[in-house]
Amino acid sequence: MSRSDRRREEKERLWNEVMKRKRAYEKSDEEREGELFMNDKEQSTLETLKSADQAMEELNEILRKQQKELESLSHEANKRNQIDPSLMDMNRLEADLKKDFGVSESLTEEKKPQAKTDFDSAAVFDEIYQLADLRVIGQSEALKQLVVGFRRPYVMGVEEGKPRNVILVCGPRGAGKHKAIREIARLLYERQIFISDQVYNIDMSRYTSGAQEQVFLQDLYEALSGNGSVICFEHFESGFPSFLRMVDSLATTGSFTLSKRYVLTKGVLVENQTGLVKEAVDSLSAEGKYLVFITSEKASKVQDAFGADFMYHVLDTATFQKLDDESISKMIGLQTEDLIEKAEKNLQITLKMDDAVKEWVKFHFDKTLGSDGLDSMFYDFYVSLSHAVLNNPVNAKEEVRVYVSGEDKPVALIGGSEYILSRTKNSQEEIDAVNKELDEIVGLEEVKKYIRSLQAHIEIQQKRREQGMKAEALSKHMIFTGNPGTGKTTIARLISRYMKAIGALSQGQLVEVTRADLVAQYVGQTAPLTMSVIRSAIGGVIFIDEAYSLYRGKDDSFGLEAIDTLVKAMEDNRDDLIVILAGYKKEMAVFLEANSGLKSRFPNYINFPDYTGEELRKIACLQAKGKGYAISEDVYPKLEEYFDKVQSINAAEAGNGRLARNLVEEAILKQSERLLADPDAGMTELLEEDFDFTIKVQPPKENKTPSLDDLLKMAQNN
């Protein structure tokens, strides 16, 4: 059988299988005979049934099923070589089906909504500005600049193949940059000037290496091909260079050519691995889109990321300002109105909020977050109210008063009971809790003193900033050195909470990692893996135990890649991330030589000394108490003598705090054997005979370990 015959047979089989009918131009004898007796009205009815919408719907169904058939046939052809791959050319087969079965090409094209083009741009955009100014508080001038940027293409026109406009939006966090863009897009959509109110956000800091190219391109393709007219790019200051060049090309030329050929598979852009493609994508275009670049940095930082040519194509810049007291008061008023409305609609209660609550919010919300801090606080109010209503049923539309209690907390009075509306502890409560836990930790007096000294320094620097004075940037990254079991992880956890309480961190979580969590096994995977850990820790602390395991020599390219990524992330997130490296002193000294930027970024060296015998005895008593036991005081001298001797031989191998824990656990096991022989004995007391004081550690091998002073001198010299 010839190729053309096989091809024709395959098309026929597909059509018959899917639709169970013959070609449009082939009619049965019965159909032809029936047509002879049709009157004009019946003929018209038949033609109506074969409407364009019906034809398009039928063809779409054919093509969907046909796609599955072709995928299956292609797979079988590769396995048995029974079907010529050329038969599977999707474009040719689809075109032939349209021709052979009498469906117009235009009927298969998706009809997209059309945006309005004939309107008075001056009047419309002036109205949009007035309405947006009611929702985005305290940014009238920035809004005016932003609205001008959106109006510009309707005045200047748009060059074919180019974006509608490239706009730069600057300003501090929480100033309302994102809200303003979303509000303008929504208002333009309501007036049918945009066909969608969707605003796409691409966070360039998410894409950290070339290995993420396909992910980046898929996200970018989705934004460029979607109905939304606005694409926002942010955190481009820390973006991966090659991806920044792509975005730069979109802004300056309107498009860029892909280095590989991609295809669309179920709407997803994937790299083409074969010549059998239905629709190839080899370039991306920003035609008809607004490209908006959002930054908290100055405009000069934007030029550092993209260059002078990019800045030349930025036609409009909107600069948002830090919120002033009047703007904050207005925003609190709007948030209060929204809360009252939601409470009435969803919770079926009528809120009566005292003015004192608004003043409380103004004083207590996180001002570093701007409007985001207010959003978070009022969200807490709403969630707390919902909990109160769920646990204390109220009558429909019952009036609920919200006021500030004598303990300086916002409360709602429901059913005669006060419900606190703040879901989190305030800063002072958390500081007091951390200080209490520090006091309960045995030993480590110098470490405790250092942690408490941080609070005073940070508070003074914050006051200097509030008064417009220059504040010294405090480097908060630390190196913990010391033997295992000296409390490094425990202190790191308290530091994360403490830093959150005093305002040095936004979240306060502790993320504990090792080399396995940061270093991948294959080329190109380490940087994304490291960045995923860093992103999870932003706002808190990354604690890397045995950090020197990241560096196994100059040939350890994966480890060096992880270190380089970590150093860059520390710089990019210096205001809201603390990195703590932990391990032995000697190995840590070698590790600091792995990257030239490491030493200068870790000015805070904290050495954790080995515990004394007395301190380990106290730890042992706490361990026993936590397990429901008590160590007889008669055993104290023997315990201290034992601990002192073990520590003097080899504290590193003994494990310090772990030595005390292990000794107590062994004593509990031996006590169980004793109690079986003497059921009348006390079940909670641990006696001397329950403890095994055998010395099991060996002296360490001789090696020269640099002192903490040596490490500090090394850091200062570099």
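The values are calculated or read from the model by the stated rules, or taken from the named source; none is laboratory data. For clarity, every value in this text was computed on a predicted model and none was experimentally measured. A quick note on method: Cβ atoms are made from the backbone with ideal geometry, for glycine too, and the neighbour counts reach across all protein chains shown.
Filter region 191-209 down to residues that are within 16 Å of the chain's Cα centre (by Cα) and in a loop (DSSP other than H, G, I, E, B), then give me how many there are.
2
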In region 370-397, anything at positive phi and in contact with a strand residue (DSSP E or B) (Cβ under 6 Å, 6 or more places away or on another chain) is listed as Lys397
State which residue is farthest from Ile649 (Cα to Cα) when the search covers only region 576-620 and only residues that are of a type in the set (Val, Ile, Thr) and buried (at least 17 other Cβ atoms within 10 Å of the Cβ).
-> Ile578
Matching residues in region 484-516 - criterion: being surrounded by fewer than 21 Cβ atoms within 10 Å (Cβ to Cβ), among the polar types (S, T, N, Q) and either at pLDDT 85 or above or under 26 Å from Ile619 (Cβ atoms) (or both) = Thr489, Thr490, Gln509, Thr514
Hey, does region 290-304 have a residue that's at pLDDT 90 or above, aliphatic (A, V, I, L, M) and either surrounded by fewer than 16 Cβ atoms within 10 Å (Cβ to Cβ) or touching an Asp or Glu at 6+ places or on another chain (Cβ under 8 Å) (or both)?
-> yes
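Taking the condition closer than 30 Å to Arg617 by Cα and polar (S, T, N, Q), does Ser453 pass?
Yes; evaluated as a whole, the condition is true for this residue.
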Extreme residue, farthest from Ile181 (Cα to Cα), among residues of region 318-357 that are hydroxyl-bearing (Ser, Thr, Tyr) and modelled with pLDDT of 90 or more = Thr336
Heads up, the strands (runs of 3 or more DSSP E) in region 342-454 (entirely inside) with at least 1 residues that are among the hydroxyl-bearing types (Ser, Thr, Tyr) are 349-353, 398-404, 417-420
Among (1) crowded, with 19+ Cβ neighbours inside 10 Å; (2) aliphatic (A, V, I, L, M); (3) touching a Leu at 6+ places or on another chain (Cβ under 8 Å), which single condition is Val263 missing?
-> (1)
Quick one: which residue in Val281, Val247 is surrounded by 15 or more Cβ atoms within 10 Å (Cβ to Cβ), in contact with a helix residue (DSSP H, G or I) (Cβ under 8 Å, 6 or more places away or on another chain), modelled with pLDDT of 90 or more and of a type outside the set (S, T, N, Q)?
-> Val247
Across region 114-148, which residue is surrounded by the most Cβ atoms within 10 Å (Cβ to Cβ) among those that are among the hydroxyl-bearing types (Ser, Thr, Tyr) and under 26 Å from Thr336 (Cβ atoms)?
-> Tyr129
Taking Gly138 as meeting all but one of (1) over 15 Å from Glu190 (Cα atoms); (2) not in a loop (DSSP other than H, G, I, E, B), write down the number of the exception.
-> (2)
A careful count of residues in region 524-564 that are in a loop (DSSP other than H, G, I, E, B), more than 23 Å from Asp203 (Cα to Cα) and in contact (Cβ under 8 Å) with a residue 24 or more places away in the chain gives 2
Can you pull out the helices (runs of 4 or more DSSP H) entirely within region 239-335 that have at least 3 residues that are β-branched (Val, Ile, Thr)?
-> none
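Filter region 419-437 down to residues that are crowded, with 18+ Cβ neighbours inside 10 Å and at pLDDT 80 or above and give me whichever is farthest from the chain's Cα centre (by Cα). Break it down into steps so the answer makes sense when it comes.
First, pick out the residues of region 419-437 that are crowded, with 18+ Cβ neighbours inside 10 Å: 419, 421, 431, 434.
Now restrict to residues that are at pLDDT 80 or above: 419, 421.
Working: Tyr419: 33, Leu421: 27 Å.
Here the answer is Tyr419.
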Restricting the first residue to region 150-161 and requiring it to be touching a residue at least 60 places away in the same chain (Cβ under 8 Å) and over 21 Å from Ala180 (Cα atoms), which pairs with a second residue that is of a type outside the set (D, E, K, R) and surrounded by 12 or more Cβ atoms within 10 Å (Cβ to Cβ) meet a Cβ separation below 6 Å and a spacing of at least six or different chains?
-> Gly161/Gly254
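Rundown of residues vs (1) in contact with a His (Cβ under 9 Å, 6 or more places away or on another chain); (2) in the same structural domain as Phe216 (by TED's automatic domain parsing); (3) of a type in the set (S, T, N, Q), yes/no style:
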| site | (1), (2), (3) |
| --- | --- |
| Thr526 | no, no, yes |
| Gly539 | no, no, no |
| Glu561 | no, no, no |
| Asp572 | yes, no, no |
| Leu577 | yes, no, no |
| Ile580 | yes, no, no |
Give the residues of region 628-656 that are in contact (Cβ under 8 Å) with a residue 40 or more places away in the chain and within 21 Å of Lys586 (Cα to Cα), sorted by residue number.
-> Ile649, Asn650, Ala651, Ala652, Glu653, Ala654, Gly655, Asn656
Contact list, first residue from region 164-175 and of a type in the set (A, V, I, L, M, F, W, C) and in a loop (DSSP other than H, G, I, E, B), second anywhere and buried (at least 23 other Cβ atoms within 10 Å of the Cβ) and at pLDDT 90 or above, beta-carbon distance below 6 Å, six or more apart or interchain, is Ala175/Phe320
If you take just the helices (runs of 4 or more DSSP H) that sit entirely in region 584-634, which of them hold at least 1 residues that are under 31 Å from the mean Cα position of the chain (by Cα)?
-> 585-591, 598-601
Answer residue from region 224-255, given it is touching a Phe, Trp or Tyr at 6+ places or on another chain (Cβ under 6 Å) and free of Cβ contacts under 8 Å to residues at least 40 places away in the same chain and is farthest from Ser532 (Cα to Cα) among those = Ser249
